[in-house]
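Worksheet for the structure shown next.
The values are calculated or read from the model by the stated rules, or taken from the named source; none is laboratory data. Just so you know, these numbers come straight off a predicted model, no measurement behind them. In case anyone asks, the SASA skips ligands and DNA or RNA and just uses the protein heavy atoms, side chains included. Shrake-Rupley method; radii C 1.70, N 1.55, O 1.52, S 1.80 Å.
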Amino acid sequence: SLRITRTFLAFDPYSATANMSESKNFADIAGYIDSPAEGPNEYNGVVGQMKFSRWLTAQNQLFALSMVARRVNRLRDAPFKAALSLDPRNEVLLAGLIDLTTRKKTDFAGNPVATRMRVTKYLSNKNIQIEAVSTNFSGRPAFIAPDGTPDYPTDTTYAHISDAAGKMSDGTDGYVII
């Protein structure tokens, strides 16, 4: 029930008093369809979703198009959820990204697959109990550094600007500024 192959967003309402759950009351509709996911080689079916936004106007058309595309890309495959017990020496943060390799998620040959996951629950006592959900976010997230912060690689807490190839001075991938 968490997987979709297409989604649509109706926006730019004709009237503020119109029924906001009917697409006929909106001037614009943005949609995104993942045809390969609907094909016989993958899920062989259509799972659609319709959303409505009273707040977006015609000037928000590019945002609406990118929003529906991101939603399908994020929900194209059902998320994988895991509950883990970790040793206190493991450094994991709530909302942090981890790479998990487990026999519970395998490829077509039955080999464990590394999965990027976001920590959604964190309980710390003698052992660390976490819950995580898979994500397709592959960037290196960070916040913009305040003025006076040392340069990279001295400071790795904040985002720093990469070169034109998207690499940092030490050859690692650049940051995704959030």
A correct Karplus calculation of ³J(HN,Hα) over the range 105-111, with 6.51 cos²θ - 1.76 cosθ + 1.60, θ = phi - 60°, whole Hz and x for Gly and Pro, returns 10, 10, 8, 5, 8, x, 7
Extension gain from SER169 to THR57, taking 0.36 nm per residue of separation minus the Cα-Cα distance: 36.1 nm
Going residue by residue through the range 72-80, the Karplus relation 6.51 cos²θ - 1.76 cosθ + 1.60 with θ = phi - 60° gives ³J(HN,Hα) values, rounded to whole Hz and with x marking Gly or Pro, of 5, 4, 6, 10, 4, 10, 4, x, 9
Under the Karplus relation 6.51 cos²θ - 1.76 cosθ + 1.60, θ = phi - 60°, what is the ordered set of whole-Hz ³J(HN,Hα) values for the range 119-131, x standing for Gly and Pro? 6, 10, 8, 9, 10, 10, 9, 5, 10, 8, 9, 10, 10
Accessible surface of the chain [probe 1.4 Å, protein heavy atoms]: carbon and sulfur percent: 52
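With both partners inside the chain, how many of the DSSP beta bridges are antiparallel, as a percent to the nearest 5? Could the numbers behind the result be given before it?
On the way: 28 of 36 bridges.
The antiparallel proportion sits near 80 percent.
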Pair-distance profile P(r), taking every C-alpha pair of the range 1-82, with 10 angstrom steps and integer %: 19, 42, 27, 11, 1
Report the rotationally averaged projected area of the chain based on its alpha-carbon convex hull, in square nanometres. 15.8
Shape metrics for the range 37-128, restricted to C-alpha atoms - Rg then Dmax, Å: 18.5, 54
Accessible area (Å², per residue) of the chain, counting only protein heavy atoms and a probe of 1.4 Å: 68
Please state, rounded to one decimal and in Å, the Kirkwood hydrodynamic radius that the range 88-178 gives when every pair of distinct Cα atoms enters the mean of 1/r. 15.5
